[in-house]
Protein chains: 2
Amino acid sequence: MSSLPTFADVEAAARRLDGVVLRTPLLENARVNAMLGGRLLLKAECLQRTGSFKLRGAYNFLSLMGEAERARGVVGWSSGNHAQGLAEAARLLGLKATIVMPADAPALKVANTRASGAEIVFYDRLKDSREAIGQEIARRTGATVVPPYDHPWILTGQGTAGLEIAEQARALGVALDAVAAPCSGGGLATGVALGVKGLSPATTVHAGEPAGFDDLARSLVAGTRQTNEKLSGSICDALLAPTPGEVTFALAQKVLGPGLVVTDDEVLDAMEVAFREFKLVLEPGGAVALAAALTGRLPVKGRAVAVVCSGGNVDHATFQRALDRHPP
Amino acid sequence: MSSLPTFADVEAAARRLDGVVLRTPLLENARVNAMLGGRLLLKAECLQRTGSFKLRGAYNFLSLMGEAERARGVVGWSSGNHAQGLAEAARLLGLKATIVMPADAPALKVANTRASGAEIVFYDRLKDSREAIGQEIARRTGATVVPPYDHPWILTGQGTAGLEIAEQARALGVALDAVAAPCSGGGLATGVALGVKGLSPATTVHAGEPAGFDDLARSLVAGTRQTNEKLSGSICDALLAPTPGEVTFALAQKVLGPGLVVTDDEVLDAMEVAFREFKLVLEPGGAVALAAALTGRLPVKGRAVAVVCSGGNVDHATFQRALDRHPP
């Protein structure tokens, strides 16, 4: 394996993304802080263009491609947020994009990916290999595969969210004890760790995962890449990657603390708190790190903690399930 | 009447509020822009501390009070957002606050006002005069009345949101054709107009109101302050002030363009768009200016328009009504 990416790569990505991605706010709520007995800061990446952080990595990757490669376009696979981020990055840079999406991806994510001008190819999450389908398209068309997480250009792009957190916390005069980010394949969590630790080395960074899909948490314990038993079955549709990436896991072992695992009900409760206290719309996968903080799995009491709220692309029905858990 | 406030007063307020209020983001969505054929920028004041812009004016007012007055505390009346903003400003500055709220104010706004440590006195929206109750408390306790809108210190505090819009649009390289803000008594709309026009004199600024509560729109046409026939009956609980303020109307005649009036159903539709496309939780009153832009009452086609999304303090049931208008 080539050498692992560094903080300098995140800084370089931040320069590429300047003026392209939104510098999302770091939000705080006096009532929630009082309830938790500490300071909880939310990095609102649900407000990012395309409704999740994924534009960061995709745009960084496409910016680094050569001219000849760009002319042949890009192909990617995704349950939805990478699809939208990649499709929009391609639109912004004038590249053709083909996206391989699961047939059960949320309708909203499919519609939005299509709206960015991408061609969509569907697959069956339980029977097909999305990687194989994507690789076949790449072979046939010459398009470049843009992986959802397991590449230095992707994870350092996502890491710009971590760099922003560190800068924004510093501007608030806050020394962060810990940061947590949702985790599927590990691109966001490892990138954020690079970005945060470059400015704030003493801060611990954790990946949050849904129960039953905690492959990274178990891999960090085992010291080798573990695989989830199931391929579907959590409300967190964005966090179902079966195993950590090679690059992301190698990096995770160096930069991440122990994993945080939350249940679907805890995620729904966190979505309701985001609605009521922070006026943010979060999708289930985007609320996992917040859920870890609200449940005390990531302690906030007497500390300063930031959580990445990574996406808000949620269907009406799922959002109503969150609202229903806390009737007025 | 004393001389009207100016842009310099807004700039001074911005210095007082620096580090106290959140510089809320100006959000944009490629799909919505494509649909409207122009650029629509959302000033996300629902993300502001206390869930609305009201902290700006209240904190500015309390900062300008003398020492002796501060020691006797403050009293205010409000359907909810000024209540929360004033209570939180008082908490931040260590003042005692008493808030007069309608008995039918949303439960969330009452609970949040109480959580900031304020004492709450309820009144009947149809029978009692909240002004009379507040003035009586002031007489009895020596507390200073902090009006919800009709005071230069209040409206120039709210105007800092407009100054931020002008600065943020400039940073994006956008020349704004128009800005709109929700309007109850006119503090936000006139303040925003001062703030915007100080940096961008050619931009027209409009106040948005719910149908049936369009006292400012009619007053601007008539040239004298008009009063609404009803005191309740719109979903926009934050926008039911019966008539424009004296100061705000005098200023409105100088700085505002024609009023924009939208129906409750159009407001619910705008809340759904804010949820789906911008990942923002808006209360009905906070979505009025957005509704004006989405319905074309404030034309966006071929133009650049910013709308203030002024608050997000909405009960679950009302938010579900918005979601229900656009089933998945």
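Can you tell me which residue in the stretch B:22-52 is nearest to B:T113 (Cα to Cα), limited to those that are among the basic types (K, R) and not in a strand (DSSP E or B)?
At the first step, the residues of the stretch B:22-52 found to be among the basic types (K, R) are B:23, B:31, B:39, B:43, B:49.
With the extra rule that they be not in a strand (DSSP E or B), the set shrinks to B:23, B:31, B:49.
Working: B:R23: 22, B:R31: 37, B:R49: 12 Å.
Here the residue is B:R49.
All but one of (1) crowded, with 24+ Cβ neighbours inside 10 Å; (2) within 30 Å of B:E277 (Cα to Cα) hold for A:L251; state the number of the condition that does not hold.
(2)
Would you call A:R170 surrounded by fewer than 17 Cβ atoms within 10 Å (Cβ to Cβ) and either more than 18 Å from A:V10 (Cα to Cα) or hydroxyl-bearing (S, T, Y) (or both)?
On the way: surrounded by fewer than 17 Cβ atoms within 10 Å (Cβ to Cβ): yes; either more than 18 Å from A:V10 (Cα to Cα) or hydroxyl-bearing (S, T, Y) (or both): no.
Against the criterion (surrounded by fewer than 17 Cβ atoms within 10 Å (Cβ to Cβ) and either more than 18 Å from A:V10 (Cα to Cα) or hydroxyl-bearing (S, T, Y) (or both)), A:R170 does not qualify.
Yes or no: the stretch A:37-50 includes at least one residue that is over 19 Å from the mean Cα position of the chain (by Cα) and more than 22 Å from A:R170 (Cα to Cα).
Checked the stretch A:37-50: no residue is over 19 Å from the mean Cα position of the chain (by Cα) and more than 22 Å from A:R170 (Cα to Cα).
Is there a residue being modelled with pLDDT of 95 or more, in a loop (DSSP other than H, G, I, E, B) and under 20 Å from A:G311 (Cβ atoms) anywhere in the stretch A:100-110?
no
Just to be sure I understand the filter: pairs with C-beta atoms under 8 Å, separated by 6 or more residues or on different chains, first member in the stretch A:185-210 and closer than 17 Å to A:A44 by Cα, second member among the acidic types (D, E) and buried (at least 22 other Cβ atoms within 10 Å of the Cβ). Which pairs pass?
Between residues of the stretch A:185-210 that are closer than 17 Å to A:A44 by Cα and residues that are among the acidic types (D, E) and buried (at least 22 other Cβ atoms within 10 Å of the Cβ), the close pairs are A:G195/A:E164.
Considering only residues of the stretch A:109-139 that are surrounded by 21 or more Cβ atoms within 10 Å (Cβ to Cβ) and within 14 Å of chain B (Cβ to nearest Cβ), which is nearest to A:P284 (Cα to Cα)?
A:K109
Which of (1) closer than 30 Å to A:A322 by Cβ; (2) over 19 Å from the mean Cα position of the chain (by Cα); (3) at pLDDT 95 or above is the odd one out, the single condition B:H316 does not satisfy?
All conditions pass for B:H316, except number (3).
If we scan the stretch B:88-96, do we find a residue that is of a type outside the set (A, V, I, L, M) and within 11 Å of chain A (Cβ to nearest Cβ)? Lay out the reasoning, then the answer.
Of the stretch B:88-96, the ones of a type outside the set (A, V, I, L, M) are B:88, B:91, B:94, B:96.
Narrowing further to those that are within 11 Å of chain A (Cβ to nearest Cβ): B:88, B:91.
The answer is yes, given that some residue of the stretch B:88-96 is of a type outside the set (A, V, I, L, M) and within 11 Å of chain A (Cβ to nearest Cβ).
Rundown of residues vs (1) touching a strand residue (DSSP E or B) at 6+ places or on another chain (Cβ under 6 Å); (2) at pLDDT below 95; (3) of a type in the set (D, E); (4) more than 30 Å from B:V20 (Cα to Cα), yes/no style:
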site: A:A87; (1), (2), (3), (4): yes, no, no, yes
site: A:G117; (1), (2), (3), (4): no, yes, no, yes
site: A:D124; (1), (2), (3), (4): no, yes, yes, yes
site: A:E131; (1), (2), (3), (4): no, yes, yes, yes
site: A:D150; (1), (2), (3), (4): no, no, yes, yes
site: A:I165; (1), (2), (3), (4): yes, no, no, no
site: A:T190; (1), (2), (3), (4): no, no, no, yes
site: A:A193; (1), (2), (3), (4): yes, no, no, no
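Considering only the stretch A:219-328, give the helices (runs of 4 or more DSSP H) lying wholly within it that have at least 1 residues that are without any contact (Cβ under 8 Å) to a residue 40 or more places away in the chain and among the small types (G, A, S).
Values: elements: A:246-255, A:264-278, A:288-294, A:316-324.
So the answer is A:264-278, A:316-324.
Yes or no, residue by residue, for (1) among the aromatic types (F, W, Y); (2) under 17 Å from the mean Cα position of the chain (by Cα); (3) surrounded by 22 or more Cβ atoms within 10 Å (Cβ to Cβ); (4) under 25 Å from B:G191 (Cα atoms):
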residue	(1), (2), (3), (4)
B:G66	no, no, no, yes
B:W77	yes, yes, yes, yes
B:A83	no, yes, yes, yes
B:L93	no, no, no, yes
B:A97	no, no, yes, yes
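So, in the stretch B:293-311, of the ones that are in contact with a strand residue (DSSP E or B) (Cβ under 7 Å, 6 or more places away or on another chain) and over 15 Å from B:L176 (Cβ atoms), which residue ends up farthest from the other protein chains (Cβ to nearest Cβ)?
Across the stretch B:293-311, the extreme among qualifying residues is B:R297.
In the stretch B:9-21, which residues are in contact (Cβ under 8 Å) with a residue 12 or more places away in the chain and part of a helix (DSSP H, G or I)? Spell out the reasoning first.
Step one: filter the stretch B:9-21 for residues in contact (Cβ under 8 Å) with a residue 12 or more places away in the chain, giving B:9-14, B:16-17, B:20-21.
B:D9, B:V10, B:E11, B:A12, B:A13, B:A14, B:R16, B:L17, listed by residue number.
Only one residue in A:G198, A:G185 is of a type in the set (G, A, S) and either modelled with pLDDT under 95 or part of a loop (DSSP other than H, G, I, E, B) (or both), so which one is that?
Working: A:G198 fails: either modelled with pLDDT under 95 or part of a loop (DSSP other than H, G, I, E, B) (or both).
Exactly one of A:G198, A:G185 is of a type in the set (G, A, S) and either modelled with pLDDT under 95 or part of a loop (DSSP other than H, G, I, E, B) (or both), namely A:G185.
From the list B:F278, B:F213, pick out the single residue that is under 22 Å from B:S78 (Cβ atoms), out of contact with any Asp or Glu (no Cβ under 7 Å at 6 or more places or on another chain) and buried (at least 20 other Cβ atoms within 10 Å of the Cβ). Let's see the steps before the verdict.
Values: B:F278 fails: under 22 Å from B:S78 (Cβ atoms).
Criteria check complete, one pass: B:F213.
With the condition kept exactly as written, say whether any residue in the stretch B:232-239 is closer than 12 Å to B:A189 by Cβ and surrounded by 18 or more Cβ atoms within 10 Å (Cβ to Cβ).
In the first step, residues of the stretch B:232-239 are kept if they are closer than 12 Å to B:A189 by Cβ; the result is B:239.
From what's left, surrounded by 18 or more Cβ atoms within 10 Å (Cβ to Cβ): B:239.
Yes, some residue in the stretch B:232-239 is closer than 12 Å to B:A189 by Cβ and surrounded by 18 or more Cβ atoms within 10 Å (Cβ to Cβ).
In the stretch B:1-24, which residues are buried (at least 23 other Cβ atoms within 10 Å of the Cβ) and within 10 Å of another protein chain (Cβ to nearest Cβ)?
B:T24, the sole residue that qualifies.
Report, ordered by the first and then the second residue, all pairs with beta carbons closer than 6 Å, sequence separation of six or more or different chains, a first member in the stretch A:70-99 that is assigned by TED's automatic domain parsing to the domain that holds A:R130 and on the phi > 0 side of the Ramachandran plot, and a second member that is modelled with pLDDT of 95 or more and surrounded by fewer than 24 Cβ atoms within 10 Å (Cβ to Cβ).
As it stands, the answer is A:G73/A:L95; A:G73/A:K96; A:G73/A:A143, since those pairs meet every condition given.
Within the stretch B:248-261, is even one residue closer than 19 Å to B:K54 by Cα, facing chain A (nearest Cβ under 10 Å) and among the polar types (S, T, N, Q)?
no
Test B:D265 against the criterion of being acidic (D, E), over 18 Å from the mean Cα position of the chain (by Cα) and within 14 Å of chain A (Cβ to nearest Cβ), and give yes or no.
Working: acidic (D, E): yes; over 18 Å from the mean Cα position of the chain (by Cα): yes; within 14 Å of chain A (Cβ to nearest Cβ): no.
Judged against the criteria, B:D265 is not a match.
Taking the stretch B:231-268 as the region of interest, how many residues are in contact with a Phe, Trp or Tyr (Cβ under 7 Å, 6 or more places away or on another chain) and aromatic (F, W, Y)?
Result for the stretch B:231-268: 0.
The values are calculated or read from the model by the stated rules, or taken from the named source; none is laboratory data. Owing to the predicted nature of the structure, the values given are computational and were not obtained by experimental measurement. Positions of Cβ are generated from backbone atoms using ideal geometry, with glycine treated the same way; all protein chains shown enter the neighbour counts.
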